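Asks: Following this message is one structure expressed as structure tokens.
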Amino acid sequence: EVKQQGRDGWHFFSSSLEEKVRKKLSITQGLRMAIEREELSIRFQPIVDANSNRIVAAELLLRWHPDEGEISPAVFIPIAEMTGMIVPIGAWVFAQACRAEAEWRQRWGENAPAYISVNVSARQLNDKNLLADIEKLVTRYNADPKRILLEITETSLMADIETNLRMLRGLANLGFRVAVDDFGTGYSSLAQLTRLPVNVLKIDRAFVDGIENQTESRAVVRAVIGLGRALGLKMVAEGVENQAQLLELRNFGCDYIQGYLFYRPLLEDQFIEVVERESSLTPTDAEPPIFFL
Ligand code: C2E
Ligand code: MG
Ligand code: MG
Ligand code: MG
């Protein structure tokens, strides 16, 4: 009825705003039911060694496909964070990580990927039950926390550094590894990084994107890799899409690569196939995947 009142921009603006609000509301309501309706699924994106190109790890990525069609995590995760739905959804994701870790170790033994990465929202770190809930899942699935890497974005990590620090120390004490995700987009200082139990930095795709032709991105990526390595951290570059980017990253000393150049996020069965095909082509005396020293 808003549209009938006139064709001027204001009315169009107000109706599209209304639409946005309605969409957010329907996503919020849909998310409440997503777990029991079994509308959530997961993908695994392989992470490879920058020099051997062998798969060393995988990042678990969430997918939501309600009846209306798939909705991107870039859209629904922020809404889940605002409404608190990320707590039960995050627990579901975490259970999947524990299950897969234990299954893959059963299947491949020491040749299993060195770890599974799982994204954790700052909102989950604020949940005082988190440690107890996670311990239960680890026990239930017989998972090895040392083979699970918790990714938290730089921006959310730094937003409430004291709370996050306490929680991350608790998680690190349980054996989990910690990565700073989307690194370079926030404002962490060297001093803060050394206070955190961090093992890995993941360089944001935005920087990798310009590495072949933009002097500034090149400088940032080179400096960040140098900094990370000086601190004894493992460096992962995200969103690597072409050979030129790979070559630069290798030259800068980046340890690991994640991106469409090698693999897109895969169904778990596909991931298993890819790992088994790769290991059938690998000499039997090759080292098992090593990630952390
Ligand atoms: P992220 O954790 O930084 O994950 C990497 C994203 O980059 C994924 O998008 C992945 O599909 C995409 N990507 C990987 N390689 C390339 C590439 O070469 N080119 C391009 N263009 N993209 C690439 P996705 O799966 O859509 O996830 C988006 C974000 O949603 C994630 O960014 C993460 O912040 C969040 N997310 C996904 N799953 C979860 C989850 O289970 N829990 C939480 N809290 N957040 C999640
Ligand atoms: Mg991530
Ligand atoms: Mg990222
Ligand atoms: Mg991201």
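The values are calculated or read from the model by the stated rules, or taken from the named source; none is laboratory data. Owing to the predicted nature of the structure, the values given are computational and were not obtained by experimental measurement. Cβ sites come from the backbone with ideal geometry, for glycine too, and all protein chains shown count toward neighbours. Surface accessibility is based on the protein's heavy atoms, side chains included, excluding ligands, DNA and RNA. Shrake-Rupley method; radii C 1.70, N 1.55, O 1.52, S 1.80 Å.
Asks: Express in Å², to the nearest 10, the accessible area of R177 obtained by rolling a 1.4 Å probe over the protein heavy atoms while all chains stay in place.
Replies: Counting only protein heavy atoms, the figure is 60 Å².
Asks: Name the residue from T139, A179, L168 whose Cα lies farthest towards the positive end of the charge dipole of segment 139-227, charges +1 on Cβ of Lys and Arg and -1 on Cβ of Asp and Glu.
Replies: Farthest along the dipole direction, towards plus: T139.
Asks: Rounding to the nearest 10 and keeping the result within 0 to 90°, find how far the Cα-based axis of helix 215-230 lies from the longest principal axis of the chain.
Replies: The angle comes out at about 50 degrees.
Asks: For the chain, what is the number of Lys pairs with C-alpha distance below 28 angstrom, counting only pairs 8 or more positions apart or on separate chains?
Replies: For the chain, qualifying lysine pairs total 11.
Asks: Another question, then. Please compute the modelled spin-label separation between E38 and N53, points set 7 Å along Cα→Cβ, answer in nm with one decimal.
Replies: In this crude label model, N53 to E38 measures out at 3.9 nm.
Asks: For the chain, with all protein chains present and a 1.4 Å probe, just round the carbon and sulfur fraction of the accessible area to a whole percent.
Replies: That share works out to 50 percent.
Asks: So what J values fall out for segment 53-61 if you push phi through Karplus, 6.51 cos²θ - 1.76 cosθ + 1.60 with θ = phi - 60°, rounded to Hz, Gly and Pro as x?
Replies: 6, 7, 5, 10, 6, 8, 9, 7, 10
Asks: Pull out the extension gain between R250 and R22, defined as 0.36 nm times the separation in residues minus the alpha carbon to alpha carbon distance; nm, one decimal.
Replies: 77.4 nm
Asks: Shifting gears a bit: So if I place +1 on the C-beta of Lys and Arg and -1 on the C-beta of Asp and Glu, and nothing else carries charge, what would the dipole magnitude of segment 17-144 be about its Cα centre? I want it in debye, nearest 20.
Replies: Rounded to the nearest 20 debye, it is 140 debye.
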